[in-house]
Amino acid sequence: MTTRPLRRHLARILPLALALTAAGTLGGAAAEAAPPAAATGPDLGANVTVFDPSMPVSEIQATLDATHARQVDNEMGTARYAFLFKPGTYGTAEKPLQIKVGYYTEISGLGASPADVVINGKVEVYNRCLADGGTSNCLALVNFWRTLSNLSIKVNGAGQDGCRASANFWAVSQAVSLRRLDISGGNLSLMDYCTAGPQYASGGFIADSNLPDVISGSQQQWLTRNSKVNSWSNGVWNQVFAGVQGAPDDAAFPNPPYTTLAQTPVSREKPYLFADAKGGYSVRVPAAQKNSSGTTFAAGLTPGRTIPLRDFFVAKPSDPVWLINANLALGKHLLLTPGVYDIAHSINVWRPNQVVLGIGHATLTAVNGATPLRIADVPGVVVAGVTIDAGSKESRTLLQVGNKNGIGLSSAANPTTLSDVYFRVGGPHIGKADVALEVNSDNVLIDHTWVWRADHGVEGFTGGVNGDTQRWRTNIGRNGAVINGDNVTATGLFVEHFQEYNTIWNGDNGTTVLYQNELPYDPPTQADWMNDNGTEGWAGYKVGNKVRNHKLYGAGVYVFNQNNPAIHTENGFEAPKRPGVKLHHIMTVNLSAGIIDHVVNGVGDAADTTKIGVPVYVPDYPAAP
């Protein structure tokens, strides 16, 4: 629709689609046979478990415990799971349901409202202990890739020891979202202070939730958006609140390091799967909001539209890309069930308002240098719950929104939206990508993403100086996010370890609410970490020289040049000095190696090894008059 290659591609697909289908949805020879219509619900794949409140708590507990045992250390594995709870109550005061969530695991309710599914108990993540099989090297810094959404938790620690019973623990870092939750009856702790001390965590994200007293603790940074909180305690470096009722005041910044926006400029909640009273499944797609605060469900059903599941092509990892594309061309939406999909040719989303929803951390892996997912220059597309991996042959991009020479259709009232879309260059295998996320369309909303060039992993990540040098030469990722479209908003933009600018924002009228970045750990020499213009290093966040208007709220760039501690980066941030370009509450931090000489454009002290872990803040750039 927007490019000649895409038209040629569709010209091949459409005749095949029309020839093969009379009912409107294509099936494939490799696809599993559709199950008969029954009370068990639709076939969502082998790794989706749907619980019913009539099931014994002990049976549900055993199933979840077994999966957690498999996934608690499976950081680079391929297993993916979704556990979905039908409306009802699970667990009792005497026999609570206490869930522990491991890697690549989704826990979600199937109600139209979070109140429809009630967990009497807990849903938790603890520090992960990485050495000696005991409590050595216990931390939350690598607790990635898990999802909790659309349910109520009545916190109940019955049967746990005194420390464990004191809160619902959610000690996580990037690529972990909490959405559409109602938590009551106890504290929510974003750190685990029971397992070998608090340790640091590097999260995270909450949206559209009612929260009790929250213990932020050792969380380095966090975004809470469009929620209600009873209270919030402390912060380490960067805690951001947007549209949160009960949020702390930020007048004393940076002590504590709070950034508070009374309203979120642009927001749209993530689509969610739900079951009605008759057992039918649908997807609710929330409407976009402007200048909003509080939850979307406070007054009843979240505003938006409901799409019956029959209007989706429910894909399995065995389905070929041509079959997925043919169904999209026919106007179907796409539900990606848990698993790893090898993508040798782009999945093309080219109709306005199409929805691509992944459950259980469905993962698209690039094959032969493909761009796994392309979105046309059309309004209202929603992509949510999808992880995109680079492959061993370099991809130009991993996700492309719009074409630089496209027709440019967009809508401020109905933005194309990316929710919980994560990117990975390396980790389980060597990865190569020039740019992970490229946004060329106008009026796009990025609502929580982690764009990661891996700093550790399985193949080719051997550690030490030689291993880090190997990684620099083989695990290629130049830019994490490149934003060329105008009027793009990002709420929760986490981008790490890329080899040039981690984020380049070229579009006008852009807004970012919370930005987190770690510069790459592994440049072998200063010569390897030199900007093309002769500057030492590349800023973690670059606002393009031609940009007239840009707003950034709450941002940090961290340095840990593990491979060569003598390396310098001149600026954490770069931006044109114009009245319309405003960076609010920004900082740099030294994690123990390397130096960032200035926070922004030569302003701000050096983040060097004399102040390890101590942020260097610039409250406003340009400085307020």
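The values are calculated or read from the model by the stated rules, or taken from the named source; none is laboratory data. As the structure is a prediction and not an experimental result, all values here were calculated from the model. Cβ: placed from backbone, ideal geometry, glycine included. Neighbour counts: every protein chain shown.
Before moving on, here are some points about what is shown:
- In region 318-386, counting only strands (runs of 3 or more DSSP E) that sit wholly within it, none holds 1 or more residues that are in contact with a Cys (Cβ under 6 Å, 6 or more places away or on another chain).
- Pair list, Cβ under 6 Å, 6 or more apart: region 348-361 residue within 20 Å of THR397 (Cα to Cα), other residue in a strand (DSSP E or B) and among the charged types (D, E, K, R): ASN348/ARG374
Residue by residue, here is whether (1) farther than 23 Å from LEU148 by Cα; (2) part of a strand (DSSP E or B) holds:
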position	(1), (2)
PRO256	yes, no
PRO265	yes, yes
GLU269	no, no
LEU273	no, yes
VAL283	no, yes
LYS290	yes, yes
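- Checking the stated criteria, THR569 turns out to be farther than 22 Å from ASN255 by Cα and either in contact (Cβ under 8 Å) with a residue 40 or more places away in the chain or buried (at least 24 other Cβ atoms within 10 Å of the Cβ) (or both).
- Meets criteria (surrounded by fewer than 18 Cβ atoms within 10 Å (Cβ to Cβ) and at pLDDT below 95) for ASN234: yes
- Of residues in region 194-216 being of a type outside the set (S, T, N, Q), surrounded by fewer than 22 Cβ atoms within 10 Å (Cβ to Cβ) and modelled with pLDDT under 95, the one nearest to LYS551 (Cα to Cα): TYR200
- Among the strands (runs of 3 or more DSSP E) confined to region 43-145, the ones with at least 1 residues that are farther than 24 Å from PRO317 by Cβ and of a type in the set (Ser, Thr, Tyr) are located at 88-90, 136-139.
- Candidates are the residues of region 68-80 that are more than 23 Å from ASN137 (Cα to Cα) and surrounded by 14 or more Cβ atoms within 10 Å (Cβ to Cβ); the one that is nearest to the chain's Cα centre (by Cα) is ARG80.
- Exactly one residue out of PRO271, PRO248 is free of Cβ contacts under 8 Å to residues at least 60 places away in the same chain and either crowded, with 18+ Cβ neighbours inside 10 Å or in contact with a Phe, Trp or Tyr (Cβ under 6 Å, 6 or more places away or on another chain) (or both): that is PRO248.
- Matching residues in region 387-401 - criterion: being of a type in the set (Gly, Ala, Ser) and either in contact with a Pro (Cβ under 6 Å, 6 or more places away or on another chain) or assigned to a loop (DSSP other than H, G, I, E, B) (or both): ALA390, GLY391, SER392
- Meets criteria (closer than 21 Å to GLY554 by Cα, in contact (Cβ under 8 Å) with a residue 40 or more places away in the chain and of a type in the set (Gly, Ala, Ser)) for SER177: yes
- Of everything in region 95-136 that is at pLDDT 95 or above and of a type in the set (D, E, K, R), the residue that is surrounded by the fewest Cβ atoms within 10 Å (Cβ to Cβ) is LYS95.
- Long-range neighbours under 6 Å by Cβ, at least six apart or interchain, first residue closer than 17 Å to VAL382 by Cβ within region 300-326, second surrounded by 16 or more Cβ atoms within 10 Å (Cβ to Cβ) and charged (D, E, K, R): GLY304/ARG284; THR306/ARG284; PHE313/LYS332
- In the condition set (1) surrounded by fewer than 24 Cβ atoms within 10 Å (Cβ to Cβ); (2) within 20 Å of HIS333 (Cβ to Cβ); (3) touching a strand residue (DSSP E or B) at 6+ places or on another chain (Cβ under 6 Å); (4) of a type in the set (A, V, I, L, M, F, W, C), LEU409 is compliant with all but (3).
- Of the listed requirements (1) surrounded by fewer than 22 Cβ atoms within 10 Å (Cβ to Cβ); (2) touching a Leu at 6+ places or on another chain (Cβ under 8 Å); (3) among the β-branched types (Val, Ile, Thr), THR260 misses just one: (2).
- Selection count, region 47-82, where residues are touching a helix residue (DSSP H, G or I) at 6+ places or on another chain (Cβ under 6 Å) and either over 18 Å from VAL123 (Cβ atoms) or not hydroxyl-bearing (Ser, Thr, Tyr) (or both): 1
- Pick from region 583-598, criterion more than 26 Å from the chain's Cα centre (by Cα) and not acidic (Asp, Glu), ranking: surrounded by the most Cβ atoms within 10 Å (Cβ to Cβ): ILE596
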